[in-house]
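What follows is a short report on a single structure.
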Amino acid sequence: AGYPIAIDGPSGSGKSTVSRQVARELGLCYLDTGAMYRAAAWAAQRAGVELTDQPAVTAVVRAMKLEMPLDPDNQVMICEGEDITSAIRAPELSRVVSRVAVNLDVRAELIARQRAIIAAHPRIVVEGRDITSVVAPDAPTKILLTASEATRLARRAREVRGSAAPDALAATRAEVSERDAQDSTVASFLEDRDGVVTIDSSQMSIADVVAAVRALAQG
Ligand code: CDP
């Protein structure tokens, strides 16, 4: 094993928390590729183009000036000179990111940028949906983080609404299932292949998952 560490997983699998913590503990860089798709959607909206207008969105994303933070403790995102750190987490934006993520020309552009970052900083944890399969299939450490649907939903509700009470769960369920349905049209991101270790975190604490990832990378 070794670096880079590639981590894929669905929403609520804990991949962001785990990836950031692993990077912190091992002194590695950290790249959140989901944030790049969020930035792409933000940039397209700011440019006033319809997210379904693929050529127009592609042109915006190819020209997009985006500084990706690589410090796990400082994830401030600057796009076109603006701090978009909180804007890209807004529920309205989360709802439309997949419209941009299904655009294969946008994916090609962002994947090229991700590969350039990895080449310049090979001691890195990269998280997303297609890292082990497309972005860095040769990474020595490849992990697929999964969790049961109930676990993912409760984590998501706490993250987005600060509560896992019944009404928060119901509202979150509606959002997540809508987004998962949209995402499944992109590709079979979660398909398992040789060299990818699946960790089901449903019954594990964050610390346990972090320890498991560290052991795999250092083994
Ligand atoms: O944390 P969560 O998975 O909910 O969201 P994220 O990682 O911030 O990713 C936001 C969206 O970007 C996902 O719902 C996918 O549509 C897209 N995405 C992608 O297509 N490929 C990636 N490598 C990462 C994210």
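Bear in mind these aren't lab numbers, they're just calculated from the coordinates by the rules spelled out. Computed from a predicted model, the values in this text were never measured in an experiment. With ideal geometry, Cβ positions are generated from the backbone for all residues, glycine too; neighbour counts draw on all protein chains shown.
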19 Å cut-off, amide nitrogen to a point 7 angstrom out along residue 56 Cα→Cβ, residues in region 74-110: 93, 96-107
Computed E for residue 108/residue 163 - FRET, C-beta separation, R0 30 angstrom, nearest 0.05: 0.15
Of the candidates 165, 87, 44, which one comes out as most mobile in a Gaussian network treatment of the chain with C-alpha springs shorter than 10 Å? 165
Residue-averaged [θ]222 nm for the chain, counting only DSSP H segments that reach four residues, each worth -39500 (n - 2.57): -16000 deg cm²/dmol
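Let's see if you can work this out: charge +1 on each Lys and Arg Cβ, -1 on each Asp and Glu Cβ, no other charges. What is the dipole magnitude of region 1-120 about its Cα centre, in debye to the nearest 20? Walk me through the numbers on the way to the answer.
On the way: 13 positive and 14 negative charges, 45 e Å.
Using Cβ point charges on Lys, Arg, Asp and Glu, region 1-120 gives about 220 debye.
Quick one: in the chain, what % of C-alpha pairs are over 28 Å apart?
On the way: 6224 of 23871 pairs.
Tail of the P(r) past 28 Å holds 26 percent of the pairs.
Treating only the Cβ of Lys, Arg, Asp and Glu as charged (+1, +1, -1, -1), what charge dipole size does region 118-172 show about its Cα centre? Round to the nearest 20 debye.
Numbers: 8 positive and 6 negative charges, 28 e Å.
Dipole about the Cα centre, nearest 20: 140 debye.
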Using the count of nearby Cβ atoms within 10 Å as a rough guide to exposure, how do 17, 198, 33, 141 rank from fewest to most? 198, 17, 33, 141
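For the chain, what is the charge dipole size about the Cα centre, in debye to the nearest 20, if Lys and Arg each add +1 at the Cβ and Asp and Glu each add -1 at the Cβ?
On the way: 25 positive and 29 negative charges, 42 e Å.
Charge dipole of the chain: 200 debye, to the nearest 20.
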With Cα springs under 10 Å, the Gaussian network model of the chain assigns the largest mean-square fluctuation among 27, 162, 12 to 162
With θ set to phi - 60°, apply the Karplus curve 6.51 cos²θ - 1.76 cosθ + 1.60 along region 40-49 and write out the HN-Hα couplings as whole Hz, x wherever there is a Gly or Pro. 4, 5, 4, 5, 5, 5, 5, 6, x, 9
Distance between modelled label sites at residue 180 and residue 206, nm, 7 Å Cα→Cβ extension: 2.2
Choose one of 34, 21, 168: the residue whose Cα lies farthest towards the positive end of the charge dipole of the chain (beta-carbon charges +1 Lys, Arg; -1 Asp, Glu; about the Cα centre). 21
Report the full-extension gain for the segment residue 90 to residue 150: residue separation times 0.36 nm, less the Cα-Cα distance, to one decimal in nm. 19.3 nm
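Report the full-extension gain for the segment residue 120 to residue 17: residue separation times 0.36 nm, less the Cα-Cα distance, to one decimal in nm.
Numbers: separation 103, 0.36 × 103 = 37.08 nm, distance 2.35 nm.
Gain on extension, residue 120 to residue 17, equals 34.7 nm.
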